[in-house]
Amino acid sequence: MNSRLNDRCVELHTASANAGWWPDEVTPELIATKLMLVVTELSEADEGFCSGDKDQHLPHLDSFPVELADARIRIFDLCGKLGIPVGGFFADPGFPTFRIMDAVNCISKAMEGHRKNDRQKLAEGLGEALFVIDTIAETYRYDIEGITDQKRDYNAQRADHKPEARAAAGGKKL
């Protein structure tokens, strides 16, 4: 499984970089921002779980697992950029059951590792967040790998994800 996860990091980071989501200069502030964007995806997953709404971009799917997939994409992208072998740190954080907040706490651990320049703690937090996300998806019987692929494919053709759209006034910046 570790090789598959590390391949996923390279795959999703390459797609993100090719789409222009990474500037030439990668600052500590940018990494911190990217970590917080994982938290926003988890927050959107929580909203989707509570509302039961369908996803606005993949309307054949519930928004809950699509937002979990978005969080995975962001984690894999970040690990790919930083060269973190997430498979090597993919460990059960030891919680008896998992909630979205547990994944947020794992990202907080990663943020603390980033802040203190502790690569081990950063990697552990990211790996544990993936474990929690995947376990939550499995609990609800969502094919999180398949949904991640669908969202990756959808994002690749989105007009608002193209570099020229992002460069325009009001375009997505991160």
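The values are calculated or read from the model by the stated rules, or taken from the named source; none is laboratory data. In this text, all values refer to a predicted model and were calculated from it rather than measured experimentally. Note that each Cβ is placed from the backbone with ideal geometry, even for glycine, and that neighbours are counted across all protein chains shown.
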Would you be able to say whether some residue in region 61-82 is touching a Ser or Thr at 6+ places or on another chain (Cβ under 9 Å), of a type in the set (Ser, Thr, Tyr) and over 18 Å from SER43 (Cα atoms)?
no
Within region 20-31, residues outside any loop (DSSP other than H, G, I, E, B), surrounded by fewer than 14 Cβ atoms within 10 Å (Cβ to Cβ) and either touching a Lys or Arg at 6+ places or on another chain (Cβ under 9 Å) or among the polar types (S, T, N, Q) (or both) come out as PRO28
LEU37 fails exactly one of (1) within 22 Å of HIS161 (Cα to Cα); (2) without any contact (Cβ under 8 Å) to a residue 40 or more places away in the chain; (3) of a type outside the set (Ser, Thr, Tyr), namely (2)
Given the condition within 22 Å of CYS106 (Cα to Cα), modelled with pLDDT under 95 and of a type in the set (S, T, N, Q), answer yes or no: does some residue in region 34-46 qualify?
no
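This table checks each residue for (1) in contact (Cβ under 8 Å) with a residue 12 or more places away in the chain; (2) farther than 19 Å from ILE147 by Cα.
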{"site": "ALA17", "(1), (2)": "yes, yes"}
{"site": "GLU25", "(1), (2)": "no, yes"}
{"site": "THR33", "(1), (2)": "yes, yes"}
{"site": "PHE64", "(1), (2)": "yes, no"}
Being surrounded by 14 or more Cβ atoms within 10 Å (Cβ to Cβ) and under 25 Å from GLU25 (Cα atoms) is the filter here, so list the residues in region 141-174 that pass it.
ARG152, ASN155, HIS161, LYS162, ARG166
